[in-house]
Amino acid sequence: MDDEPLVLLNPGPACTSERVRRAAIRADLCHREPEFVQLMSAIRTGLARSLGVAASHEAVLVTGSGTAAMEMAVIGAVRDGRSLLVVRNGVYGDRLARIGRVHGIAVREIAEQWTRPIDPDRVRAALRRHPDIDAVACVHHETTTGLVNPIAAIGQVVAGTGACFLVDDISGTAIEDQDLATVHADLICGTANKGLHGLPGMSFVLLSQAGARRVREAPTRSLYLHAATYLEAQRAGDVPFTPAVQICFALDEAISEYEDEGGFSARTAEYRERAAIVRKGFDGLGLRILLVDEPDRANSVTTLALPDGMSYRELHDRLKARGFVIYAGQGQLRGRFFRVATMGHLPPRALERFLDALEDVLR
Ligand SMILES: *Cc1c(COP(=O)(O)O)cnc(C)c1O
């Protein structure tokens, strides 16, 4: 165990600070005791506050990876006899649609090329054509490619139509350039272990007032992932099922760390700077970035074409031997592209050292 820890450059779980990891190892605690009620309440208000939506949204915490929050939000967003519109341009958009279908929800889809942001006009047209649409679902930062969708513009289109707007912001909360208070989103999915730098195992849905109303009107499609049950319980200081107590300790600490370090503006600035460092390095090494248009690019993920004559496995293994974990291309990008996520609590000079290692491997 005295090896140098690996630097994770995959899009979650991201590297965490000593401070956050230590917080997880406290005395055992029963989730029905007042200490846990207090912890949960601190996390719920801390999430809404630190993500800038305290005036408009309320957090519901769920034990599980980000997909648990997605599933909770999707099945809570659509009333009986209505449909879900999914606008998708990557693997996670596909997942939103799959969740709907698994639960027997009628799903309409707008598919966009993976390298192009969603066009809000297409959403407007679909809402006009299909009055049965009860919710519009979209991914903010599509981690498949590192593309950022225009959620504020889409939210503007959905607002006032009677449909709810659901955003998978799991790889966007806390780190991408979007003030969530301006988005008009009713259900926002997030997780502890990407931009918030907590440990994996807890996720959450931020509900607007309309979102909170909607999850109570939607039918109960799952016992474990029924948002209305969690909302009611958590408002009363209770939890319906055993939560990952230790992961909650760490999440609470991660929120404090986020705020101590300057919160949203400071972290997005830091992530922008990281992106600039690695992308300059990639250019210098002659690596091709998938997304051409600068404004479409996320702060935290860069998708790159594999260098000629090198497989992903080879590149991955050689970098791992030097202490860095990169990530494969997904879906139609598999075998041709790889990803570098500059997410998490990174040690000093980690990115410079990574670029040196990459240069070494490419030689
Ligand atoms: C990571 C991620 C998820 C959740 O994936 P899990 O495997 O459940 O952690 C969902 N949506 C997006 C956009 C993500 O990046």
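Please go through the stretch 185-259 and write out the chymotrypsin sites (Phe, Trp or Tyr not before Pro) that DSSP classes as loop and that have at most 15 other C-beta atoms within 10 Å.
Details: sites: Phe204, Tyr224, Tyr230, Phe241, Phe249, Tyr258; in loops: Tyr224, Phe241.
Passing both the DSSP loop test and the Cβ count: Tyr224, Phe241.
May I ask you to evaluate 6.51 cos²θ - 1.76 cosθ + 1.60, the Karplus curve with θ = phi - 60°, for each residue of the stretch 134-142 and list the ³J(HN,Hα) values in order in whole Hz, giving x for glycine and proline?
9, 8, 10, 10, 7, 8, 6, 9, 7
For the stretch 1-65, go through all pairs of different Cα atoms, get the mean of 1/r, take its inverse, and jot down that Kirkwood value in Å.
Radius from the Kirkwood sum: 14.8 Å.
Can you send over the carbon and sulfur percentage of the accessible area for the stretch 1-95, probe radius 1.4 Å, protein chains only? Please report the intermediate quantities before stating the final value.
Values: 2200 of 4280 Å².
After summing per-atom areas, the C and S share lands at 51 percent.
Would you mind getting the accessible area per residue of the chain, heavy atoms of the protein chains only, 1.4 Å probe, in Å²? The partial results should precede the final answer.
Details: 15080 Å² over 363 residues.
About 42 Å² of surface per residue is accessible.
Can you pull a Stokes-Einstein diffusion coefficient for the stretch 146-279 at 37 °C (0.692 mPa s), Rh from Kirkwood over Cα pairs, as a whole number of µm²/s?
Working: Rh = 16.4 Å.
This corresponds to a translational diffusion coefficient of 200 µm²/s.
Evaluated at 10 °C with a viscosity of 1.306 mPa s, what Stokes-Einstein diffusion coefficient in µm²/s does the stretch 153-221 have when Rh comes from the Kirkwood expression over alpha-carbon pairs? Spell out each step's value before the answer.
Working: Rh = 12.9 Å.
In µm²/s, the coefficient rounds to 123.
Hey, any idea what Rg/Rh is for the stretch 231-363, computing Rh the Kirkwood way over Cα pairs?
Numbers: Rg = 18.7 Å, Rh = 17.2 Å.
Result: Rg/Rh = 1.08.
Starting from the Kirkwood radius over alpha-carbon pairs of the chain, derive D by Stokes-Einstein at 10 °C in a medium of 1.306 mPa s and give it in µm² s⁻¹.
Numbers: Rh = 20.8 Å.
Estimated via Stokes-Einstein, D reaches 76 µm²/s.
Probe radius 1.4 Å, ligands and nucleic acids ignored: give me the carbon and sulfur share of the accessible area of the stretch 96-195 as a rounded percent. Let's see the in-between values first.
Values: 1550 of 3350 Å².
Roughly 46 percent, rounded to a whole number.
Output wanted: per-residue J couplings in Hz (rounded whole) for the stretch 46-52, from phi through Karplus 6.51 cos²θ - 1.76 cosθ + 1.60, θ = phi - 60°, x for Gly and Pro.
x, 5, 4, 5, 5, 8, x
Let me know the whole percent of all Cα-Cα pairs from the stretch 55-110 that are separated by more than 17 Å. Walk me through the intermediate numbers first.
Numbers: 615 of 1540 pairs.
Of all Cα-Cα pairs in the stretch 55-110, 40 percent lie more than 17 Å apart.
Using a/c under 1.5 as the rounded threshold, could you call the stretch 104-183 rounded, prolate or oblate? The axes a ≥ b ≥ c are square roots of the C-alpha gyration tensor eigenvalues, and prolate needs a/b larger than b/c, oblate otherwise. Could you put the intermediate results ahead of the total?
Values: a/c = 1.78, a/b = 1.43, b/c = 1.25.
Prolate.
Compute log10 of I(q)/I(0) for the stretch 33-176 with the Debye formula, placing one identical point scatterer on every Cα and leaving out solvent, at q = 0.11, 0.15 Å⁻¹, to two decimals.
Once normalised to I(0) and log-transformed, intensities are -0.42, -0.77.
With both bridge residues required to lie in the chain, what share of the DSSP beta bridges run antiparallel, to the nearest 5%? Mind showing how you got there, number by number?
Numbers: 22 of 44 bridges.
Antiparallel bridges: around 50 percent, rounded to the nearest 5.
May I ask you to give the percent of accessible area on the stretch 217-274 that is carbon plus sulfur, with a probe radius of 1.4 Å? Numbers along the way, then the final one.
Details: 1290 of 2550 Å².
Reported share for carbon and sulfur atoms: 51 percent.
The values are calculated or read from the model by the stated rules, or taken from the named source; none is laboratory data. Quantities reported herein were computed from a predicted structural model and do not represent experimental measurements. Neighbour counts run over all protein chains shown; Cβ positions are idealised from the backbone, glycine included. Ligands, DNA and RNA are excluded from the accessible area calculation, which covers all protein heavy atoms including side chains. Shrake-Rupley method; radii C 1.70, N 1.55, O 1.52, S 1.80 Å.
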